[in-house]
Structure formats: C-alpha cells, structure tokens
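Taken together, the values in this text are just the output of simple stated rules run on the coordinates, not laboratory data. Note that the coordinates shown come from a computational prediction; the quantities given were computed from them, not determined experimentally. Here the Cβ positions follow ideal geometry from the backbone for every residue, glycine too, while neighbour counts run over all protein chains shown.
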Amino acid sequence: MGDYQDVSVIVVPYDSGHRGVRMGAGPGHLVEGGLAEALRTRGPTPSFATVHPEGDPPAEVATAFELDGLVSGQVRDALAEGRFPLVLSGNCNASIGTISGAGTGDLGIVWFDAHADFNTPETTTSGFTDGMGLAVAVGHCWRRMAGGVPGFSPVAEENVVLAGVRDAQPAEEERLAASGVSVVDANRIGREGLRALAGALDGLKTGMDRVYVHLDLDVLDAEKVGGANEFAPEGGLGTEELLAALGMVSGRFDVVAAGIASYDPTFDADGRVLKTALACVEALTSPATPAV
Ligand SMILES: [Mn+2]
C-alpha cells in the first residue's frame, strides 16, 4: 500500500463451508494471537468484520461463492472509505471475493502458495474446491458461479505471478504452461533466490499497477518455519525470504488488498507460523519501500 491507510480486517472463518473447522480456525487464531497489535504499529484504528453466510445447510461450492459475494461487498466498502482491506480466510478461494471488490479490470495478482490452486472441476482428483481458486480468478472454471459475485470479471493471465509453488498436479502444470501466468516455483527460488521473483514482477509491471497479494501460509517451509496446514509440503520459503518477497511486491506496485489463507493452528503448536504471519501483516500494511 502506498500512503497511510487504516486497515479493514475482513474475517472469513470457513473451510469448505464449515465455520471454525480446520483452516476455518485460522482467522480467529490470527486475530486472537496479536493481529490488532501488529496493525496498530502502522495505524491506530483497524476495524474488524466477520462475514456470515445464510445458506443452510452449508454446501462447499455454494457457500464458497456466497462468501465471495459477502467479501466483495466488504472489500468494496473498505476501499470506498479509503481503508486497506486485509482478508483472513480459511480457504484461498475467498480471494475471488477480494479481487471482485477491488475491481479486476487493471488488477494484478501475486499469489504465494505451495500449491497451484489451478485445478478445474475436470482435473481435480480431490474434489476440493479450494484447489481451484486461482483457476477461477483467471476465468478457467466456475464461470457462472464467479459471475454471480458482484464485481467479478476474470483477471488477465498475464497479470498474475504464482510464487513458491512446489506441489502442482500434472494437469495443473500443463494448463499453467499453456497460460500467461508467470510461475516462479520454489525450486527456482531455491536455485536463483528472489531474483527469479523480481524478474517476474518486473515483467508484470508494464501492464498494470494495482496488485492483490495472496498469501497461502503453506508457501512457508514446513520444516524450517512450520506447517501451516495438513497439506503443507516440504521446501518453500523461509520467514525472511517471504518478508523480502512481500517487500519486493509493495516496492513495485500499489498493493490495494491482501489475503492470508489456509492456516490451521493445530499444525502450529509452537506458534512459529503465527509469528511469521503477523510479520507478514506488518509488511503488507506498512508504507511502500523502494524496489529491490
Ligand atoms: Mn492455496
């Protein structure tokens, strides 16, 4: 984010339609674990709002898109009030609501994740809707459902960087390779360092200026930092590396919204992921620093 803004924290405590369960417990844990303090170092009056879907009984796909609609409204309102929207969600696909509320026309996405989230209903083998979030964002699937989210239109593939991925399925890799999405995977970051990410970000910079930063906490190295959830694979970014990467994004772009997702506190007994997540919040909400 550029100039100082207060932060609107939008809490989406759901995993696959279930409130407070598994990764749905992550947002509350972040809030109770010191989020307000992390934000107050940058601004005096963060606000907190929790979304409440009405669909009963909850259903994975329907509730995910209902949540997106609610998040879209919250993000739109926050931006209209000059506030910075920070969305804490169980699932990554809440990002569809965030980008819809921010307006996708000239928007870029920098998506940090161990997984590609690039499956479609035709390629998924888990049936997990959350494994499709980035594919939805660029218009590859669930087009009718996404079209019902106020403000949604697909983000241009060329405006998307996927960073830190190390667990993509072959069908996802094929569709990524055929797409305009820039992939800076964890292996490449391991070999080349963050220069690889800098190159991809500079490639984006010609096209647009406004960026949504998406942080699936399982981008973190499960061994060196800690497991963010049951799906966290080995490898990935260290805390300092991730903070440097976020600084590279905010130094280049106007970060207009951010999302933190996929945090299951039961896998973070010693709190190291929590500590890193709060440091990421500070990095994402602090004034921009020059590009490195
Ligand atoms: Mn994800």
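A few remarks follow.
- Derived from the Cα gyration tensor, the three semi-axes of the equivalent ellipsoid of segment 98-144 are 20, 13, 8 Å, largest first.
- Cβ-placed point charges (K, R +1; D, E -1), dipole of the chain about Cα centre in debye, nearest 20: 540
- Spin-label model, ARG144/ALA178: points 7 Å from Cα along the beta carbon direction are separated by 2.3 nm.
- Per-bin percent of Cα-Cα distances, segment 7-285 [5 Å]: 1, 6, 14, 19, 22, 19, 13, 5, 1, 0
- Rounded D (µm²/s) - segment 42-180, Kirkwood Rh over Cα pairs, Stokes-Einstein at 10 °C, 1.306 mPa s: 102
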